[in-house]
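As structure tokens, the structure follows; a few thoughts come after it.
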Amino acid sequence: MPLLRITCDDQGPRLHGTAALIPALRHGLAADPGPVTVMIHGFRYAPGHMISCPHRSLLAAGPVSSARIRSWPRRLGLRGQHGEGLGLAFGWNARGTIWQAHARAAHAGRGLAALVDLIHRIDPARPVNVVAHSLGARVALRALALDAPVSRMVLLAGAEFASTTRAALRTQAGQQAQVLNVTSRENDLFDFAMECLVRPPEAGDRMLGHGQLGLPNVATLQLDHTETLARLRKAGFPIAEPTRRVCHWSPYLRAGVFPLYRAVLSGSLSLPHLRALLPEEPSPRWSRLLPPRPRAPLPALPAR
């Protein structure tokens, strides 16, 4: 049983369909000793939606043919083989306006916290990992703020403010979690839009894409940084170069990213080792959209 489809609504998390959640979880955990991997989508998806149901697209177990969709479970290695662990496709209503989805993400985070607590009541020693994109990162961090015990977390173009993230990571559960913050200057326009549209918890606050969290259990990886990609290639993680100036989905569409995420989630690539590979400073915001200013030529020296 590589995958359970979860839908979180006003009543909390439930199995997508008619089966009961707790027996399915017990069976899934008993069937495989590996870690639990929770996958959380972002804006515009909603379970059961005719076009944008995550359980029929990026969180589906089977191959999906679309230019903007990849099957996360397949690429994270959840293919039904013993030892891969249990995958949980976590769906929530992220449709409507950005303000509606932003508010619902906090509620879905409470549902995620309840789900993680349920897993730990069934199997206290089982590690729970999270992979989340966009507003899904807000869902994941809200659960962490509620002290949901998560082992490792990979946040892809996270649509959450830095101060909210720091607060979540300073909780007891947050200090225990290992977090990979995947950013890209391709996402600058989306980050800026969120900062303009959603009131920040602190004046001047910025999205996670800015990268300046300054916490020991967080590594920030900028996917369109030339030196970063060169160093990862030497370490055995060849990730394709970016081809677009603006792309919100690059952290899961780019060829070569999922082997890196699998290595982080399994612990075979530790966060301290990864941090040691990465440059200290990310590229500045807008550096992908705005070409560097040419230097003015030096004035000619007078002839003697």
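Based on the Cα coordinates of the range 49-184, what is the per residue volume of their convex hull in Å³?
122 Å³
Exposure proxy check: H107, H273 ranked by fewest other beta carbons within 10 Å?
Working: H107 17, H273 13.
Ranked by crowding around the Cβ, least crowded first: H273, H107.
Write down Rg/Rh for the range 1-113, rounded to two decimals, with Rg from the C-alpha atoms and Rh from the Kirkwood relation over Cα pairs.
So for the range 1-113, dividing Rg by the Kirkwood Rh gives 0.96.
Apply the Karplus parameterisation 6.51 cos²θ - 1.76 cosθ + 1.60, with θ equal to phi minus 60°, to every residue of the range 142-158 and state each ³J(HN,Hα) to the nearest whole Hz, in sequence, with x for glycine and proline.
After applying 6.51 cos²θ - 1.76 cosθ + 1.60, I find 5, 4, 5, 5, 8, 6, 5, x, 10, 7, 9, 9, 10, 9, 10, 6, x Hz.
Please find the FRET efficiency linking S268 to L197, where r is the Cβ-Cβ separation and R0 is fixed at 41 Å, and quote it to the nearest 0.05.
FRET efficiency, S268 to L197: 0.60.
From the C-alpha coordinates alone, can you work out the Kirkwood hydrodynamic radius of the range 26-89, in Å?
The answer is 12.5 Å.
Since every read-out is calculated from the coordinates, none of them should be taken as a lab result. Source: prediction; values computed, not measured. Here Cβ is always computed from backbone atoms with ideal geometry, including for glycine, and neighbour counts include all displayed protein chains.
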